[in-house]
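Visitor: One structure coming up, written as structure tokens, with questions to follow.
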Amino acid sequence: MKTTTFSFVIALLVLHCRVCPAQDLESRIKALEETLTAQQRTIESQQLLIRELKEEMEKGSRFVSVPAAGDPKEARGPSEAASSDRQAPGAAGAVATGSKVFNPDISVVGDFVGTAGKGSLDASPALEMREAEVAFQAAVDPYARADFFFTFGPDEVGLEEGYVTFLTLPAGLLVKAGKFRDAFGKVNGMHAHVLPWADRPLVTRNLLGGEDGLADAGVSVARLFPNRFAFLEVTGQLYRGESSVFKAEKRSDVAGVLHLRGYRDLNENTNLELGGSFAAGHNGLGPGLLTELFGVDATFRWRPLRRAIYQRFLARTELAWSRTELPHDTARAFGAYAFAEYQLTRRWVAGIRADYAERAEDPTLSDRGGSLVLTYWPSEFSQIRGQFRHTRLGEGGTADELLLQVQFSIGAHGAHTF
């Protein structure tokens, strides 16, 4: 801009030299030089103002001042309050939108269950607000995100999961630190409201810690190995050693989990997933005594692309083996479940499940069961599920129960593991 202005002044000077008397040239040149100096100062002041405005905008996008309680104008000076009154209509919305960037996504999921029938597997009450889960999820910075899940039950309030995930580490590593569910099998990592049933399979109850499952504070490192045959993911986790299965007696009694997962698309409508898991830790039954868990899982999915919201089929099975060292013996137990579900229409899904599980510390006792499940989805934010459950307990008794589950959610709930 300076070069263009200077050229324009020179051109004017040449024209004036042709038409003006010689005695006027000196005064006119001086006037033009003064004009050029004033224009340069104006340009420099405007550039300085632009830089200051950019700095203010950057500060404003990072920090939003919150006035004290009462009238917002009272928390600012008179001049600021007056300028606020003259603010453009869209400016207030822009400030509000900017402030929301620093608020996490918040959601609440309610889980209500009613139980009726003969006998009881877990002494459930007739009506129960079993759980309310509150989630806070947001990006920490461009390199990490944080997830917190709090559960509110009839008798307790606790942190179900709370961890930070580092997404852009070298070598393609995905690292989590905090408290989270172990990557053992499929069901253990699912929250209650994500399960396709109103309860958990017997193998989870007898071998994997029941409703709380394998969950502890620790560090997880995962890496994906894509290739032309399948997507292969390897996950290694180190935990404090305090869960429903593992009991650490001292600081060095940590627990570990290794999980291998393979996924392959068979065609555009179907895919197959296979997994293998291993976990080990101290069991608290005696000094140095360990419990080891082995697991295998398989999932087959069919979902036609053209009718994905109307039809789908899923079949899944998990097998688990437990080896528990006792003071004078070793207990070995086995458990498994097989499950299949089919989407009948856009809102109706039917399923069936078969269960078998031995008791971890007394394999001579084993439980068997089966369930029929029918789920209705009014929308993606609510579901109504009915489940008939028949269980034959190891002690010889039986239970025939009808479970009615109502789930509902509000807020922006994040996606769950596929």
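The values are calculated or read from the model by the stated rules, or taken from the named source; none is laboratory data. Nothing here was measured: the structure is a model prediction, and the numbers come from that model. Note that each Cβ is placed from the backbone with ideal geometry, even for glycine, and that neighbours are counted across all protein chains shown.
Visitor: Which of the residues belonging to region 190-235 are within 30 Å of residue 386 (Cα to Cα) and more than 23 Å from the chain's Cα centre (by Cα)?
Guide: The answer is 201, 202, 203, 205, 206, 207.
Visitor: What residue, of 205, 200, is within 19 Å of residue 297 (Cα to Cα), in the same structural domain as residue 363 (by TED's automatic domain parsing) and in a helix (DSSP H, G or I)?
Guide: Residue meeting the stated conditions: 205.
Visitor: Here are 342, 310: which of them is in the same structural domain as residue 203 (by TED's automatic domain parsing) and modelled with pLDDT of 95 or more?
Guide: 342
Visitor: For a quick check of your reading: which strands (runs of 3 or more DSSP E) sit entirely within region 124-168 and have at least 1 residues that are buried (at least 16 other Cβ atoms within 10 Å of the Cβ) and of a type in the set (A, V, I, L, M)?
Guide: In region 124-168, the matching strands (runs of 3 or more DSSP E) lie at 127-141, 144-152.
Visitor: So, residue 366, is that one free of Cβ contacts under 8 Å to residues at least 60 places away in the same chain, in the same structural domain as residue 191 (by TED's automatic domain parsing) and within 27 Å of the chain's Cα centre (by Cα) or not?
Guide: Considered against the rule, which asks whether it is free of Cβ contacts under 8 Å to residues at least 60 places away in the same chain, in the same structural domain as residue 191 (by TED's automatic domain parsing) and within 27 Å of the chain's Cα centre (by Cα), residue 366 comes out as no.
Visitor: Restricted to region 148-172, and to residues that are modelled with pLDDT of 95 or more and either not assigned by TED's automatic domain parsing to the domain that holds residue 195 or not hydroxyl-bearing (Ser, Thr, Tyr) (or both), which residue is nearest to residue 215 (Cα to Cα)?
Guide: Only one residue fits best here, namely 161.
Visitor: Which ones in region 126-141 are within 23 Å of the chain's Cα centre (by Cα), of a type in the set (A, V, I, L, M, F, W, C) and farther than 27 Å from residue 173 by Cα?
Guide: 132, 134
Visitor: When residues of region 347-372 are filtered for being within 17 Å of residue 117 (Cβ to Cβ) and not charged (D, E, K, R), how many remain?
Guide: Total meeting the criteria: 4.
Visitor: Continuing with the same structure: Counting only residues that are over 32 Å from the mean Cα position of the chain (by Cα) and not small (Gly, Ala, Ser), which one in region 85-125 is modelled with the highest pLDDT?
Guide: 118
Visitor: Counting only residues that are in contact (Cβ under 8 Å) with a residue 24 or more places away in the chain and more than 17 Å from the chain's Cα centre (by Cα), which one in region 142-189 is nearest to residue 279 (Cα to Cα)?
Guide: Of everything passing the filter in region 142-189, 184 is nearest to residue 279 (Cα to Cα).
Visitor: Among what's in region 360-406 and is outside any strand (DSSP E or B) and of a type in the set (A, V, I, L, M), pick the residue that is surrounded by the most Cβ atoms within 10 Å (Cβ to Cβ).
Guide: The selected residue is 360.
Visitor: Among the residues of region 282-297, how many are buried (at least 17 other Cβ atoms within 10 Å of the Cβ) and either outside the structural domain of residue 255 (by TED's automatic domain parsing) or under 27 Å from the mean Cα position of the chain (by Cα) (or both)?
Guide: 3
Visitor: Here's another thing I want to ask about it. Among the residues of region 300-320, what is the count of those that are touching a Leu at 6+ places or on another chain (Cβ under 7 Å) and closer than 26 Å to residue 236 by Cβ?
Guide: Residues flagged as touching a Leu at 6+ places or on another chain (Cβ under 7 Å) and closer than 26 Å to residue 236 by Cβ within region 300-320 amount to 1.
Visitor: Which one of 357, 333, 320, 338 is closer than 27 Å to residue 207 by Cβ, surrounded by 15 or more Cβ atoms within 10 Å (Cβ to Cβ) and free of Cβ contacts under 8 Å to residues at least 40 places away in the same chain?
Guide: 338
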